[in-house]
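First up is the structure itself, then whatever we jot down about it.
Rule-based calculations on the coordinates, nothing more; no lab input. As the structure is a prediction and not an experimental result, all values here were calculated from the model. Here Cβ is always computed from backbone atoms with ideal geometry, including for glycine, and neighbour counts include all displayed protein chains.
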Amino acid sequence: MKKISNSRRNFIGASAALSVAPYIVTSAKAQTAEPLRFGFQNTSWGSIGMVAEAEDMFKKAGVAVTINRFDSGKAVRDAMIANRVDIGVLGTTPLIVGVAKGEVAPVAMAMYAGRTNALVVGKNSGIRSVADLKGKKIGTQIGSATDTVFVTKILAKYGLKKEDVTLVNSKFENHVAALAGKSVDAFAGVEPFPSVAVTEGIGTSLLDYYDFDMVPVWLGINKPVLEKRRDAVLGFLRGWVATIDIFKKTPDRAATIVQENFTKMGFTVSKPAIATMLGKLEANPNYVPGLEAYLKEESQLLVTGKQIPAMPNWAQLLANPLVQQIKRA
């Protein structure tokens with residue numbers, strides 16, 4: 001019998017169970033204030049948060065911040081609505097629901113991540129196209145942006161409906177183990193888990209999301225925090241923008257930190273795989289053209305599905321981005 005590699009054993013076991021000076025300021029008063037509570041997910045979408053924590057970027061910007069980690073943006077959103085997190089990294093679906101049902105608002109971007117989402121099928125499943133998924137079991141973290149795009153855009157393009165497949169609600173970190181154990185035939189996942197499945201010979205990447213969706217990943221905030229602690233939020237954003245500079249100017253350093261984070265979580269992922277993963281995301285704190293129309297389209301799907309009561313006022317929510325203010329300061 002073929003020996004299972006250490007990386008595969010470690011990963012499946014765990015799944016189942018600097019040029020930043022322009023944005024850095026120092027403020028002793030800010031550091032002694034009540035910390036801002038920041039949440040991000042333990043996937044590629046949380047990589048900016050991982051680097052910010054490792055490099056003390058918020059402290060360098062004069063802001064006290066506590067870090068909270070979650071398995072998905074949906075979980076971050078729920079913590080924000082419950083007032084356990086002040087600022088969080090969110091996919092579009094969790095953001096929209098947070099805006100509609102809580103006090104959440106967009107405050108900046110984390111990245112545009114279409115290539116970090118992928119549909120992965122079992123290595124010897126015989127599935128060659130999305131159309132072949134009819135009647136199959138698909139692992140997906142229901143309620144996430146990754147799940148929403150898969151159900152509303154990818155299946156539809158290939159003539160399938162949600163009812164044509166069996167959706168198995170499972171956390172991103174459990175997708176590889178589920179595919180290896182054949183409890184699902186495929187999964188709709190987010191990096192690094194698709195790359196791990198492929199490099200370990202467990203699955204084949206059928207497609208990524210790039211041609212279907214820009215997959216914006218947001219930095220959301222509870223509005224009362226912005227209203228009452230604006231200076232601290234501006235300091236947080238200075239640290240955030242400076243961290244994104246690390247990704248752009250010293251990518252090897254960012255890759256090392258992210259790899260160390262996954263190692264601490266019990267996942268053995270090679271440095272080249274991490275570098276490839278980070279190369280699939282566009283770290284960018286700015287709003288790009290077309291975001292308002294994109295949010296309206298995604299919101300309408302949720303209104304039609306009765307997941308939110310009404311269309312949020314996106315023009316108002318996206319007005320006067322604070323990132324531009326800190327860059328002018």
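Below, the figures for the structure above:
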| read-out | value |
| --- | --- |
| Net +/- balance of residues flanking ALA145 in space, Cβ distance below 15 Å, scoring K and R +1, D and E -1 | -3 |
| Evaluated at q = 0.13, 0.18, 0.22 Å⁻¹: base-10 log I(q)/I(0), Debye formula over Cα of region 115-208 | -0.33, -0.67, -1.06 |
| Chymotrypsin sites (Phe, Trp or Tyr not before Pro) restricted to region 186-273 and DSSP loop, no more than 15 other C-beta within 10 Å | none |
| Links that overshoot a 23 Å alpha carbon limit, given the list LYS153/LYS296; LYS60/LYS248; LYS280/LYS306; LYS137/LYS161; LYS101/LYS134 | LYS280/LYS306; LYS101/LYS134 |
| Equivalent ellipsoid semi-axes, the chain, via Cα gyration tensor eigenvalues times 5, rooted, Å | 33, 24, 16 |
| Overall form of region 263-329 per C-alpha gyration tensor (a/c, 1.5; a/b vs b/c) | oblate |
| For LYS59, LYS296, LYS306, LYS161, order by how many other beta-carbon atoms lie within 10 Å, fewest first | LYS306, LYS161, LYS296, LYS59 |
| Alpha-carbon Rg/Rh ratio, for region 34-185, with Rh computed the Kirkwood way | 1.03 |
| Using θ = phi - 60° and Karplus 6.51 cos²θ - 1.76 cosθ + 1.60, couplings along region 222-230 (whole Hz; Gly, Pro as x) | 6, 3, x, 5, 5, 5, 8, 9, 4 |
| Anchor LYS136: aspartates and glutamates whose Cα lies under 12 Å away (excluding residues fewer than 8 positions away in-chain) | GLU163, ASP164, ASP185 |
| The chain, helix-only ellipticity at 222 nm - DSSP H runs n ≥ 4, -39,500 (n - 2.57), divided by all residues, nearest 500 | -12000 deg cm²/dmol |
| Formal net charge of residues neighbouring MET50 (Cβ-Cβ distance under 14 Å; K, R +1; D, E -1) | -2 |
| Footprinting exposure proxy for PHE70, PHE150 (fewest neighbouring C-beta atoms within 10 Å first) | PHE70, PHE150 |
| Cut-off under 5 Å, modelled amide H: who pairs with SER170 long-range | THR140, GLN141, ILE142 |
| Derived scalar couplings ³J(HN,Hα) [region 102-118; Karplus, 6.51 cos²θ - 1.76 cosθ + 1.60; whole Hz; x for Gly, Pro] | x, 10, 6, 9, x, 10, 5, 10, 9, 6, 10, 10, x, 7, 8, 9, 8 |
| For region 188-264, diffusion coefficient by Stokes-Einstein and Kirkwood Rh (Cα), 4 °C, 1.567 mPa s, µm²/s | 82 |
| Region 196-329 shape via C-alpha gyration tensor axes, a/c threshold 1.5 | oblate |
| Percent antiparallel among DSSP beta bridges (both partners in the chain, rounded to 5) | 60 |
| ³J(HN,Hα), Karplus 6.51/-1.76/1.60, whole Hz, each residue of region 155-161, x for Gly, Pro | 4, 4, 4, 9, x, 10, 10 |
| C-alpha center-to-center spacing [region 45-85, region 261-313] in angstrom | 15 |
| Least to most buried among GLU260, GLU200, GLU34 (fewest other Cβ within 10 Å first) | GLU34, GLU260, GLU200 |
| Charge sum, other residues only, whose C-beta stays under 14 Å from ASP71's C-beta, Lys/Arg counted +1 and Asp/Glu -1 | +1 |
